[in-house]
Amino acid sequence: MKKIVCESYKDMCRVAADIYTGQLKEKPNSVLGLATGSTPIGLYKELIRRYEAGELDFSNAQSFNLDEYYPIDSTHHQSYAYFMNEQLFDKINLSKTQIPSGAATDPMAECARYDEEICKAGGIDLMLLGIGHNGHIGFNEPATSYHVGAHLVSLTESSINANSRFFGADEKQPTEALTMGIGHIFSAKKIILLISGAAKAEITRKLFEGMIHTDVPACLLLLHPNLTIIVDKEANGE
Ligand code: PGA
């Protein structure tokens, strides 16, 4: 595991964007695993900037997102599909983008389909992750056992509370989601975990305690052979 501590959130995004630049140079047809939430927004802005400057080309690459609320239509402004279109997909030239469908009538069949698509693509080359305050990755919530494949999950109170900031008082917040399982996250060839802000200092401290806490899903990543954790100073407790 490699830990990189950055002076600021902006630096963190630049460092992460450099990893993408290297990845796409080395393998233009990379399969990218992508995340939603506040943390990757600055990275996505930097990737768009580099794309517009002609420094990055995604035309041979494809992506799989980690998760999506359930049930939700992809056109709903709270869906992760909508978020990704707004924040990244509409502004770069990825050849194919995939997100679990929150509108699927049979969520189990949708999860099986999604797993199959990831397998057909040859697995994920570079997986981007954020971390929840409770240590979740994707929507793999703290538990005593973890799903290998994609699955429907009931969100914990911690995740619902953390995401409530995005919802208006008159908006119904979903309490379930479809998420990639630990298996496909873990089988990615490289993983980047971004952690930003003082509110994540406690979970960051726990992550670097040198113990695998099995009730902190992100701790499982510490066993991955090619994991880079990029934190800003605030998340690092400085
Ligand atoms: P955040 O979410 O980037 O909005 O903090 C991260 C996560 O829940 O995985």
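Only aspartates and glutamates eight or more places from residue 206 in sequence, or on another chain, were considered; those with a Cα closer than 14 Å are 215. A Cβ-based charge dipole, computed about the Cα centre of the range 196-238 with Lys and Arg at +1 and Asp and Glu at -1, lands at about 60 debye.
Which of 147, 105, 72 sits farthest toward the positive end of the charge dipole of the chain, with +1 on the Cβ of Lys and Arg and -1 on the Cβ of Asp and Glu? Ranked along the dipole, the leading option is 147.
Distance between the pseudo-spin-label points of residue 206 and residue 158 (7 Å out from Cα toward the beta carbon): 0.4 nm.
What does the accessible area per residue of the range 13-79 come to in Å², with a 1.4 Å probe and no ligands, DNA or RNA counted? Don't skip to the answer; put the middle values down first.
Values: 2710 Å² over 67 residues.
That works out to 40 Å² per residue.
Does the chain classify as rounded, prolate or oblate by the C-alpha gyration tensor (a ≥ b ≥ c root eigenvalues; a/c under 1.5 gives rounded; else a/b over b/c gives prolate, otherwise oblate)? Present the calculation step by step, with values, prior to reporting the outcome.
Working: a/c = 1.27, a/b = 1.03, b/c = 1.23.
Rounded is the answer for the chain, as its axis ratio a/c remains below 1.5.
According to the square roots a ≥ b ≥ c of the eigenvalues of the Cα gyration tensor, what is the shape class of the range 93-141, taking rounded for a/c under 1.5, prolate for a/b larger than b/c otherwise, and oblate for the remainder? Oblate, because a/c is 1.5 or more while a/b does not exceed b/c. Sorting the Cα pairs of the range 25-116 by distance into bins of 10 Å, from 0 upward, gives 16, 47, 29, 8, 0 percent per bin.
Can you give the translational diffusion coefficient of the range 89-205 in µm²/s, computed by Stokes-Einstein from the Kirkwood radius over Cα pairs at 20 °C and 1.002 mPa s? All intermediate terms of the calculation are to be shown ahead of the outcome.
Numbers: Rh = 15.8 Å.
Roughly 136 µm²/s, to the nearest whole number.
When a/c is below 1.5 the answer is rounded, else prolate if a/b is larger than b/c, else oblate, so apply that to the range 62-156 with a ≥ b ≥ c taken from the square roots of the Cα gyration tensor eigenvalues. Cα axes put the range 62-156 in the rounded bin.
Label sites at residue 113 and residue 1, each approximated as a point 7 angstrom past Cα along Cα to Cβ, lie 3.6 nm apart. Charged side chains reduced to their Cβ positions (Lys and Arg at +1, Asp and Glu at -1) give the chain a dipole of some 700 debye around its Cα centre. For residue 75, the solvent-accessible surface with a 1.4 Å probe is about 100 Å², rounded to the nearest 10. Using a Gaussian network model of the chain in which every pair of alpha carbons under 10 angstrom is joined by a spring, one finds that among 142, 107, 225 the greatest mean-square fluctuation is at 225.
What does the charge dipole of the range 159-214 about its Cα centre add up to, to the nearest 20 debye, if the Cβ of each Lys and Arg holds +1 and the Cβ of each Asp and Glu holds -1?
Values: 7 positive and 5 negative charges, 62 e Å.
Its charge dipole is roughly 300 debye.
Given R0 = 22 Å, the distance between the Cβ atoms of residue 103 and residue 143 translates into a calculated FRET efficiency of 0.25. Within the listed set 37, 138, 54, the Gaussian network model of the chain (springs between alpha-carbon atoms below 10 Å) gives the highest mean-square fluctuation for 54. The heavy atoms of residue 15 present about 40 square angstrom of accessible area, all protein chains included, probe 1.4 Å.
The values are calculated or read from the model by the stated rules, or taken from the named source; none is laboratory data. What you see is a predicted model; the values in this text were computed from it and never measured. Positions of Cβ are backbone-derived with ideal geometry, glycine not excepted, and every protein chain shown enters the neighbour counts. The protein model used for the area step is the full one, side chains on, heavy atoms only, and it has no ligands, DNA or RNA in it. Shrake-Rupley method; radii C 1.70, N 1.55, O 1.52, S 1.80 Å.
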